[in-house]
Amino acid sequence: MDFFHYENNELYCEEVLVSDVAESVGTPFYLYSQRTIVDHYKKLDSAFSGIDHLICFSMKSNANLAICKTLANEGSGADIVSGGELYKAIKAGFNPQNIVFAGVGKTDSEIEYALKTDILMFNVESMSEAKAINRVAGNLGKKARIALRVNPDVDPGTHKHITTGKKENKFGLAIDHAIEYFTEANNMPNLDVIGIHAHIGSQIVSTEPYVESLKRLSKLISDLEKVGINIKTLNIGGGLGIIYNEENPSTAQQFAEAILPLVKPTGRRLILEPGRFIVGNAGILVTKVVYIKQTETKTFVIVDAGMNDLIRPALYDSYHNIRPLKINGTEEMTADIVGPICESADCFAKDRKINVVQEGDLLSIFSAGAYGFVMSSNYNARPKVAEVMVIGDKYFVVRKRETYEDLIKGEVIPQDIL
Ligand SMILES: *Cc1c(COP(=O)(O)O)cnc(C)c1O
């Protein structure tokens, strides 16, 4: 459920008319519905209310402070993948005891920062990393809580760029050798091995891959018990899919019903790391039609947002629903909706049937709340767009649009060539 809806053919976010925001903020901009974020979080949280669990919002999907703060206020934890995300997590008010740290390339300084912040645990992706954490913790006179991320070799049935739990992926440790790895880590003096972690991919619409993964994880938990390793937390990662077009993803309730029979008997604390599920459909990208260009074979709707603002269509061939903020009649046209960037991949939709639009019209690119702004860049020297959050009948700019001055921040021309 999300709180974007049309009323008298005009798009609203909660009680705010989206074109009013466009008028005051200018285009392009991201617009988030706070109510949607809270609703999604609560749905997942209540689906698991029967067991000890912690939801760690995956900050890489959207790291805006206002969004993170909204979730921290609800009691959410954070799943981070860098020192920068840790910094933002703390600024947003997440309790360090609810922060888990994943990623295959953690550096010594990131590890040190996380240890000093006293986060809940590291999700360790290799034995070299385990050794590094052991060493850094030793230098600080601390003991580091860790989970080992195992790779359960499950096919989540999603796009190859967002599959992470198969043998050939760079993430985690092979489950076939997990006992050896856990034993080795358990013998490191400055590590406290408290958990098991697996994240198999993203935009997973069915419950089967999770069930498959959990079967392997629960077997591992009991095998570990046999060798005297008693882990406390079972982290099954994120990846819950959402509706972009005509997907039929399982609901939080269905997801819980499918996996609880496997989680409960383990008696372990469950950790979930949803990103897209919480924010994906809580955000849109609003853009303006700059030109309409008719060629011999095609109509191009050229908009003022580009692939530097939202790269998902170019990177993952992903589908985003696109509609005008104001719908005039029922007449449709077929067009390529493209941005201004000098790249052929700068295309939001190919041969798409949309309501007829004209130069100057405003469009909404839906389902842009996850992996949207966070993946944006300054390519083509384009200032990053503004982010706005709607709360009921009010809206707030939660990140200012960048200026041309921002584009040269930190750049220096050496004295020698002046
Ligand atoms: C990306 C990621 C997530 C979140 O994935 P979503 O598909 O957005 O839910 C969770 N855990 C880890 C380790 C990740 O890398």
Seminar exercise, completed: Among the Cα-Cα pairs of the stretch 27-92, the proportion with separation greater than 15 Å, in percent, is 52 percent
Seminar exercise, completed: The value for the stretch 1-128 (convex hull of the alpha-carbon atoms, volume per residue, Å³) is 139 Å³
For this session: Select from Ser19, Gly172, Pro414 the residue farthest towards the positive end of the dipole of the chain; place +1 on Cβ of Lys and Arg, -1 on Cβ of Asp and Glu, and compute about the Cα centre.
Result: Gly172
For this session: Would you mind computing the Rg to Rh ratio of the chain from its alpha-carbon coordinates, Kirkwood style for Rh?
Result: 1.00
For this session: Please list, in chain and number order, the residues 5+ apart from Val356 or on another chain whose amide H is under 5 Å from its amide H, with Hs placed from the backbone.
Result: Glu331, Glu332, Met333
Seminar exercise, completed: Note, the stretch 285-295: 3J(HN,Hα) by Karplus (6.51, -1.76, 1.60, θ = phi - 60°), whole Hz, Gly/Pro = x, goes 10, 9, 9, 10, 6, 8, 9, 10, 10, 9, 10
Exercise. Just for the Cα atoms in the stretch 273-418, what are the lengths along the principal axes, largest first, rounded to whole Å?
Worked result: 60, 44, 29
Exercise. Along each of its three principal axes, how wide is the spread of alpha-carbon positions in the stretch 195-235, in whole angstrom units, largest first?
Worked result: 36, 14, 11
Problem set entry | Shape call, the stretch 1-45: gyration tensor on alpha carbons, a/c limit 1.5 | oblate
Seminar exercise, completed: Taking r as the C-beta separation of Ile408 and Lys226 and R0 as 60 Å, the FRET efficiency to the nearest 0.05 is 0.50
For this session: Report the label-to-label distance for Tyr87 and Glu332 in nanometres (one decimal), using points 7 Å from each Cα along the Cα→Cβ vector.
Result: 4.7 nm
Exercise. How big is the equivalent ellipsoid of the stretch 34-279 along its three axes, where each semi-axis is √(5λ) from the Cα gyration tensor, reported in whole Å from largest to smallest?
Worked result: 26, 22, 16
Problem set entry | Qualifying GluC sites (Glu not before Pro) in the stretch 66-111, DSSP loop, other Cβ atoms within 10 Å at most 16 | Glu74
Exercise. So in the stretch 277-416, what percent of DSSP beta bridges are antiparallel if you round to the nearest 5?
Worked result: 90 percent
Exercise. Per residue, what volume in Å³ does the convex hull of the Cα atoms of the stretch 80-225 enclose?
Worked result: 113 Å³
Seminar exercise, completed: Label model pair Val211, Ile194: point-to-point distance (7 angstrom along the Cα→beta-carbon line) in nm is 3.2 nm
Seminar exercise, completed: Over the stretch 34-279, with neighbouring protein chains present, the accessible area per residue in Å² at probe 1.4 Å is 39 Å²
Problem set entry | Rounded accessible area of Glu168 (nearest 10 Å², 1.4 Å probe) | 130 Å²
Exercise. At a probe size of 1.4 Å, how large is the accessible area of Ser19, to the nearest 10 Å²?
Worked result: 30 Å²
Seminar exercise, completed: Residue-ordered couplings for the stretch 333-348, obtained by feeding phi - 60° into the Karplus form 6.51 cos²θ - 1.76 cosθ + 1.60 and rounding to whole Hz (Gly and Pro as x), are 9, 10, 8, 8, 9, 10, x, x, 6, 7, 8, 5, 6, 6, 9, 8
Seminar exercise, completed: If R0 = 25 Å, then Glu15 and Thr251, at their Cβ-Cβ distance, give a FRET efficiency to the nearest 0.05 of 0.45
Exercise. In nm, what is the difference between 0.36 nm times the number of residues separating Gln97 and Lys42 and their Cα-Cα distance?
Worked result: 17.8 nm
Exercise. So what's the back-of-envelope 222 nm ellipticity for the chain, counting only DSSP H runs of four-plus at -39500 (n - 2.57) apiece and dividing by all residues, rounded to 500?
Worked result: -8000 deg cm²/dmol
Exercise. Quick one: if the Förster radius is 45 Å, what FRET efficiency do Leu140 and Lys400 give, using the C-beta to C-beta distance and rounding to 0.05?
Worked result: 0.75
Exercise. Round to a whole number: what % of the accessible area of the chain belongs to carbon and sulfur, probe 1.4 Å?
Worked result: 49 percent
Exercise. Rounded to the nearest 5, what is the percent of antiparallel bridges among the DSSP beta bridges in the stretch 34-279?
Worked result: 5 percent
Exercise. Under a plain spin-label model, where a point goes 7 Å from the Cα along Cα-to-Cβ, how far apart in nm are Asp108 and Lys298?
Worked result: 5.1 nm
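The values are calculated or read from the model by the stated rules, or taken from the named source; none is laboratory data. Since this is a predicted model, take the numbers as computed values, not measurements. With ideal geometry, Cβ positions are generated from the backbone for all residues, glycine too; neighbour counts draw on all protein chains shown. Surface areas here come from the heavy atoms of the whole protein model, side chains and all, with no ligands, DNA or RNA. Shrake-Rupley method; radii C 1.70, N 1.55, O 1.52, S 1.80 Å.
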